[in-house]
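Before any comments, here is the structure.
The values are calculated or read from the model by the stated rules, or taken from the named source; none is laboratory data. Please read these numbers as outputs of a predicted model, since none were measured by experiment. Neighbour counts run over all protein chains shown; Cβ positions are idealised from the backbone, glycine included.
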Amino acid sequence: MTRVIDLRSDTVSKPTEAMRRAIAAAEVGDDVFGDDPTVNRLEEMAAGLSGKEAALFVASGTMANLVAVMTHVRPGEEILLGDQSHIFNYEVAGAARIALAQPHALRNLPGGGLDVAEVEAAIRPPNLHTPRTTLLCVENTHNRCGGAAIPVSHMDELTALAHRNGLRVHLDGARVFNAGVALGVPVARIARDCDTVSFCFSKGLGCPVGSILCGPAGFIAEARRHRKLLGGGMRQAGFLAAAAIHALEHNIERLAGDHANARRLAEGLRALGPFAPNTPETNIVVADVLEGSLEGWLKSFREAGVLAVAFGPQRLRMVTHINITAGDVEEALRRIERVAAAIPA
């Protein structure tokens with residue numbers, strides 16, 4: 001059978017043998033009691049790398065963002081966020097349904113940021129009749145904006161504006177290490193003026209499970225209660241934390257290779273004609289389909305052993321990751337070229 005080249009997401013990656021050995025060797029305890037030494041070590045490492053006081057290991061990026069919103073915002077308050085953000089589009093309205101916050105979506109710029117003037121205009125002045133605007137959520141890298149790495153200068157503008165107006169800032173940094181590598185700056189610099197930051201281990205870092213929320217010690221203590229409320233207290237979670245520690249120690253610098261593979265993938269797609277891809281800054285290729293139907297192309301790709309996902313009415317997404325080599329990218333392009341040649345103009 002043709003080997004499948006799975007480019008649907010970096011979440012499909014499998015642990016390396018070295019990571020599996022780290023999992024098997026993990027020293028564990030009961031994390032709900034606070035005595036899993038591997039989880040404790042991971043939380044200390046993550047806090048240090050993000051420049052925050054403390055951290056909380058959670059099951060997923062969606063849980064990390066929801067716990068952050070629940071801890072930042074009282075019921076009935078309003079959060080500002082991008083209309084293309086993950087929190088607004090892909091987290092089952094948890095901010096509204098569970099945190100009881102009112103989301104106010106603003107236009108995302110093509111590069112993933114937000115217009116500073118539009119953010120300022122959306123902050124409500126005190127009024128008996130309106131919700132209090134208390135939180136700004138930003139995303140870096142930005143998934144729906146093609147994996148864009150938002151420059152620190154723009155992050156600084158947004159955080160300064162928010163803090164001047166009494167808002168707190170949460171950074172959904174699911175792929176923030178991709179942003180750090182692309183921008184050539186430490187993650188702690190990207191998140192410097194954000195009150196909290198979350199990031200995923202199960203995307204570009206190649207882990208099977210897990211995300212983390214970082215922030216002030218008092219905030220994280222309260223966030224731990226919210227994790228418990230959501231059923232997120234895990235027991236011998238050190239097996240999962242060991243994978244995350246291995247990733248932080250070994251899988252950050254290699255992200256540059258994923259970025260190079262994404263650029264090559266985009267170049268190859270552009271040369272074929274029916275596709276108009278972005279120029280990837282990180283590991284996400286988003287391509288508009290100019291000819292034929294999106295579902296038809298995805299089906300033909302799948303039959304050729306290349307997996308991608310729909311990302312809009314006539315748009316597809318392909319993501320490079322730890323299990324995709326430069327050779328895999330070239331093979332995927334060869335298969336797609338054969339598919340394109342077989343389809344009548």
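In the stretch 66-112, how many residues are crowded, with 23+ Cβ neighbours inside 10 Å and either within 23 Å of Glu281 (Cβ to Cβ) or not assigned by TED's automatic domain parsing to the domain that holds Asn143 (or both)?
Final tally of qualifying residues: 5.
Within the bounds of the stretch 127-134, is there any residue that is free of Cβ contacts under 8 Å to residues at least 24 places away in the same chain and under 18 Å from Gly82 (Cα atoms)?
Among the residues of the stretch 127-134, not one is free of Cβ contacts under 8 Å to residues at least 24 places away in the same chain and under 18 Å from Gly82 (Cα atoms), which makes the answer no.
Within the stretch 55-65, how many residues turn out to be buried (at least 24 other Cβ atoms within 10 Å of the Cβ) and over 30 Å from His129 (Cβ atoms)?
Final tally of qualifying residues: 6.
Quick one: Gly146 ticks every box in (1) in contact with a Lys or Arg (Cβ under 9 Å, 6 or more places away or on another chain); (2) surrounded by 22 or more Cβ atoms within 10 Å (Cβ to Cβ); (3) closer than 18 Å to Thr196 by Cα except a single one, so which number is it?
(3)
Looking at (1) touching a residue at least 40 places away in the same chain (Cβ under 8 Å); (2) within 22 Å of Ile252 (Cβ to Cβ); (3) in contact with a Pro (Cβ under 9 Å, 6 or more places away or on another chain), find the lone condition where Asp195 falls short.
Only one criterion is unmet by Asp195, namely (2).
Of the residues Val28, Val39, which single one is out of contact with any strand residue (DSSP E or B) (no Cβ under 8 Å at 6 or more places or on another chain) and surrounded by 15 or more Cβ atoms within 10 Å (Cβ to Cβ)?
From the options Val28, Val39, the qualifying one is Val28.
Only one of Ala304, Ala244 is under 22 Å from the mean Cα position of the chain (by Cα), small (Gly, Ala, Ser) and surrounded by 14 or more Cβ atoms within 10 Å (Cβ to Cβ). Can you tell me which?
Only one candidate passes the filter, namely Ala244.
Pairs, please: C-beta under 6 Å, at least 6 apart or cross-chain, first residue among the hydrophobic types (A, V, I, L, M, F, W, C) and in the stretch 248-275, second part of a loop (DSSP other than H, G, I, E, B)?
Correct list of pairs: Leu255/Gly204; Ala262/Pro280; Ala262/Asn283; Ala262/Thr320; Ala266/Pro280.
If a residue has to be touching an Asp or Glu at 6+ places or on another chain (Cβ under 8 Å) and small (Gly, Ala, Ser) to count, how many in the stretch 269-283 make the cut?
Adding up the residues that qualify gives 2.
Do you know which residues across the stretch 304-316 are without any contact (Cβ under 8 Å) to a residue 60 or more places away in the chain and either touching a Phe, Trp or Tyr at 6+ places or on another chain (Cβ under 8 Å) or of a type outside the set (Lys, Arg) (or both)? If you could, list the steps in order and put the result at the bottom.
From the stretch 304-316, those without any contact (Cβ under 8 Å) to a residue 60 or more places away in the chain are 310, 312-316; that's our starting set.
The answer is Ala310, Gly312, Pro313, Gln314, Leu316.
Could you check the stretch 214-240 and list, in sequence order, the residues that are assigned to a helix (DSSP H, G or I) and within 23 Å of Ala22 (Cβ to Cβ)?
If the condition is that a residue be assigned to a helix (DSSP H, G or I) and within 23 Å of Ala22 (Cβ to Cβ), then Gly238, Phe239, Leu240 are the ones that fit.
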